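Novice: I'd like to ask some things about the structure below.
The values are calculated or read from the model by the stated rules, or taken from the named source; none is laboratory data. Owing to the predicted nature of the structure, the values given are computational and were not obtained by experimental measurement. We place every Cβ from the backbone using ideal geometry, glycine too, and count neighbours over all the protein chains shown.
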Amino acid sequence: MAGDPDPEMLSLRGEAALAVRACRDVPTVGKALDSPNRSVRLWAVLNFEMRYGYTDAWQPLVPNPVKMLSDFDPGFRQAAVDTLWFYPDGRRAIAEHTPLETDPDVLLRIARSGSSPDFYRSLVRLLSSSDAKVRIDTLSFIYFNLWNKATAAMWRLAFSQEVYERVRMLSNSPSPQEKESALKALGQLDLFRQKPARERQGRE
């Protein structure tokens, strides 16, 4: 773990990390993808080859991260998206999965940009969901994305009138939790609209 105060333990962890990384080859990752241990499977998909020109040997393993697109854990789905982006079959699977995805963070990775029109259409879809949890999670995502200055520029939201109107509508929700989440998101969207045009253009 980063910052371990025990120098000996820190050194041991580093050696262990190097040993595990040395196992990053097609047979080992392929075996790990079939492991009953979820952490091992996650390690496997995170260690897929993603450099152009080096992916041919890994092509037979692509069906495994494709299956992860249906995992209940959005962390697994996001990792699968990041990997599959570098494989033609993977991109097709992502395109088929996108209309079914309900997690805004995963959809953001699919869109590859926080200012993508496709991503805004996905946000409107989630904000219009019949599932209250999906709506509330999306409102929280909007709030934290706009509020958190540590978010990388490519993942930051810009502004979408459709998203704004949908959030404004949800701010009148009879559900106290949904209304509170919508008002927080709306407050951040209003702050964004009030910024100087030059600063907004840098995000749009």
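Novice: Here is a check on your reading of the model: is residue 13 in a helix (DSSP H, G or I) and surrounded by fewer than 18 Cβ atoms within 10 Å (Cβ to Cβ)?
Specialist: yes
Novice: Looking only at the stretch 52-69, how many residues end up being of a type in the set (Ser, Thr, Tyr) and surrounded by 12 or more Cβ atoms within 10 Å (Cβ to Cβ)?
Specialist: 1
Novice: I would also like to ask the following. Restricting the stretch 125-144 to residues that are among the small types (Gly, Ala, Ser) and either assigned to a helix (DSSP H, G or I) or out of contact with any helix residue (DSSP H, G or I) (no Cβ under 8 Å at 6 or more places or on another chain) (or both), which is nearest to residue 173 (Cα to Cα)?
Specialist: 132
Novice: Now a separate question. From 86, 119, grab the single residue that is part of a loop (DSSP other than H, G, I, E, B) and closer than 30 Å to residue 141 by Cβ.
Specialist: 86
Novice: Please go through the stretch 33-71 and pick out each residue that is under 20 Å from residue 92 (Cβ atoms), part of a loop (DSSP other than H, G, I, E, B) and among the polar types (S, T, N, Q).
Specialist: Within the stretch 33-71, 55, 70 qualify.
Novice: Scan the stretch 129-145 for residues that are of a type outside the set (Val, Ile, Thr) and surrounded by fewer than 22 Cβ atoms within 10 Å (Cβ to Cβ) and jot them down.
Specialist: Selection gives 129, 130, 131, 132, 133, 137, 140, 141, 143, 144, 145.
Novice: May I pose another question? How many of the residues in the stretch 145-174 are of a type outside the set (Gly, Ala, Ser) and not in a helix (DSSP H, G or I)?
Specialist: The qualifying residues number 8.
Novice: Continuing with the same structure: Can you confirm whether the stretch 180-200 contains a residue that is at pLDDT below 95 and either hydroxyl-bearing (Ser, Thr, Tyr) or touching a strand residue (DSSP E or B) at 6+ places or on another chain (Cβ under 6 Å) (or both)?
Specialist: There is no residue in the stretch 180-200 that is at pLDDT below 95 and either hydroxyl-bearing (Ser, Thr, Tyr) or touching a strand residue (DSSP E or B) at 6+ places or on another chain (Cβ under 6 Å) (or both).
Novice: Only one of 160, 173 is out of contact with any Cys (no Cβ under 6 Å at 6 or more places or on another chain), surrounded by 18 or more Cβ atoms within 10 Å (Cβ to Cβ) and modelled with pLDDT under 95; which?
Specialist: Going through 160, 173 in turn, the sole match is 160.
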